[in-house]
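Have a look at the structure below, then the notes.
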Amino acid sequence: MAKQLSYTLHKATGKVVENQHKSYLEMDLSKMTTYQLREICYKERLIKNMLTTLNREELVRLIMRYRGKRGTAWIEDYSEAGMEKLQELLFRTKLVELYNPGIRIPAKILVFQEVDVDYFDRYQLHTKVDLEEGNLLLVDDDYNLASVFNLESSPEGTYFLTKNHRIQIRQEILTRQCYMLYLKGKDSDLVYELYYGRKESIPTSLDIIKIPIVDCQVKDLPESTSPLVIDFGSSNTTLGTFNKNQEYKFVQVLDKNKPEWEEKTVIPSVIGVKNVEEFDIEYEFGYAALQISKNNYLDEELPVFYDIKRWINDPDREEKLMSVDGSSRWLKRSDLLKEYFFYIIALATQRFKQRFSTLQLLSPVRQRSKFAKVFQDLLEGYEVDCSLDEGVAVLFDSIHNLIQKQAYEKNRWYKALIVDCGGGTTDLTSSNFKIDNNRVSYRIALESSYENGDTNFGGNNLTYRIMQLLKIRLVEQMTGQYVTGTLQCLQENNYRFVDEQGIG
């Protein structure tokens with residue numbers, strides 16, 4: 001007789017009791033061993049005869065398919081009807097104020113219009129107890145609703161505030177004493193369902209924890225006086241600008257594909273597509289797109305596009321987008337590139353809390369005019385400058401280091417050979433430069449005397465190894481000493497000798 005998986009009649013009481021199956025989060029499963037994952041499958045009765053043939057990643061996907069827990073129900077879109085429903089909830093429901101077990105929020109919260117509040121704003125909740133992810137309601141003393149925030153947690157066990165920029169804030173309420181209302185998981189889910197109209201009836205009571213906020217302000221984004229510099233690479237993209245102190249600042253992103261989140265300054269030049277509808281396409285970019293590619297290895301077939309820098313040569317060519325349910329659309333490469341660039345510009349706007357009107361895009365020297373034409377068409381509303389090529393941009397970093405260390409002679413001409421071997425293109429540039437200090441600023445005279453390259457040569461590990469070998473051979477020529485083995489060279493850090501000692 002087959003085992004029953006749904007309902008069993010309890011003989012002692014005559015009541016129908018539903019079998020309780022536990023649900024699992026992918027983040028928790030990723031930290032388990034293969035043995036633990038198989039034990040879960042045995043416990044949950046998931047395809048027992050196949051378990052010994054599945055590897056660890058396949059076991060995770062199997063559990064997520066049948067026993068996976070939906071992620072936290074965060075309110076991330078603005079709805080006037082939803083806000084009215086939540087206001088009705090606060091006025092008509094009996095709010096049971098629970099004891100605050102030491103949960104503290106930063107005294108001052110500054111929110112900028114048009115950008116999200118996220119992990120990098122560092123609005124961390126300090127607590128000695130475990131909290132549940134969910135929705136937080138921003139209210140005043142009389143429970144007038146100002147806005148909705150989200151509470152997220154990191155793998156390290158820290159909690160921080162987030163908010164989607166689409167959720168508006170009623171600024172007139174912020175002039176009074178404000179509080180964040182913390183809701184436990186089931187109550188947070190109830191708020192989510194009420195907000196999106198999935199539940200109509202209002203509960204008779206709601207448990208809340210009031211967390212006081214000293215100051216919450218909303219400001220408009222200022223206009224940046226510096227351009228946003230974009231190094232669009234075949235493998236990764238980097239963005240940066242100058243701050244008021246003329247210091248470099250780079251856009252940071254989170255790589256959530258690992259058990260412990262990593263903060264990085266490079267964004268993979270990758271576009272993924274999660275869902276395709278007639279009038280809407282759901283994209284993922286960067287590390288999130290890499291996660292889609294990882295999932296495709298097991299049981300999904302969502303489109304993921306790499307090496308998108310090469311699309312500049314043929315921007316009007318169409319790519320087929322297809323979702324799991326079979327929906328498909330054809331879209332021009334230029335449209336996909338536009339979505340990627342709007343994503344990274346939005347990232348820079350959020351991190352720097354400034355609106356950019358000028359974009360400085362680095363380009364391969366042999367494709368400068370092509371890059372300028374394509375991006376001026378793509379990024380309407382922005383002033384796009386592609387005059388600085390990738391090779392010379394590398395030289396500016398070396399010049400900056402010379403100035404910082406005062407390791408140059410005034411008005412002396414230096415020679416530099418720049419070999420910029422990237423993920424898909426290679427530029428070779430020979431330049432002469434001199435530095436003049438007039439006590440107010442530095443004046444740099446720069447001449448590019450020779451340029452060459454290959455728009456089809458490059459690529460990750462190949463490039464890395466070639467550059468290692470080239471640096472080792474240059475060290476041998478400049479020192480007259482033979483370097484025995486790449487590993488020894490790297491351990492002794494000899495390959496930096498060229499950057500520090502190489503002069504014309």
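The values are calculated or read from the model by the stated rules, or taken from the named source; none is laboratory data. Note that the structure is a prediction, hence the values are computed from the model and not measured. When we count neighbours, we look across all protein chains shown, and the Cβ atoms used for this are built from the backbone with ideal geometry, even at glycine. Ligands, DNA and RNA are stripped out before the accessible areas are found, and what is left, the full protein with its side chains, is counted by its heavy atoms. Shrake-Rupley method; radii C 1.70, N 1.55, O 1.52, S 1.80 Å.
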Under 16 Å from Lys85, Cα to Cα: aspartates and glutamates that are on another chain or at least 8 residues apart: Glu76, Asp77, Asp187, Asp189, Glu193, Glu200
Shape of the range 181-282, Cα gyration tensor, a/c cut at 1.5: prolate
FRET E, pair Arg45, Gln217, Förster distance 51 Å, beta-carbon r, rounded to 0.05: 0.40
Neighbourhood charge, 11 Å Cβ-Cβ cut-off, centred on Gly134 and excluding it, Lys, Arg +1 and Asp, Glu -1: -3
With all protein chains modelled, accessible area of Glu193 [1.4 Å, Å²]: 70 Å²
Amide N proximity, the range 330-350 versus Phe120 label position 7 Å along Cα-to-Cβ, cut-off under 12 Å: 344-350
Where labels lie 7 Å past Cα in the beta-carbon direction, separation of Phe396 and Ser369 in nm: 2.3 nm
Potential lengthening between Gln468 and Leu428 on full extension [0.36 nm per residue; Cα-Cα distance subtracted]: 12.8 nm
Rg [Å, one decimal], Dmax [Å, integer] - the range 107-154, C-alpha atoms: 12.1, 33
The range 219-315: Lys pairs at Cα distance under 28 angstrom, eight or more positions apart or on different chains: 20
Heavy atoms of Leu25 accessible to a 1.4 Å probe, total area in Å² rounded to 10: 60 Å²
Per-pair calculated FRET efficiency, R0 = 41 Å: Ser79 and Glu57 via Cβ, rounded to 0.05: 0.65
Ile403 paired with Gln177, simple spin-label distance in nm, labels 7 Å along Cα-to-beta-carbon: 5.3 nm
Segment Glu447-Phe242, length gained on full extension (0.36 nm per residue, minus Cα span): 71.4 nm
Ordering of 392-402, 406-416, 234-244 by burial proxy (mean other Cβ atoms within 10 Å per residue, highest first): 234-244, 392-402, 406-416
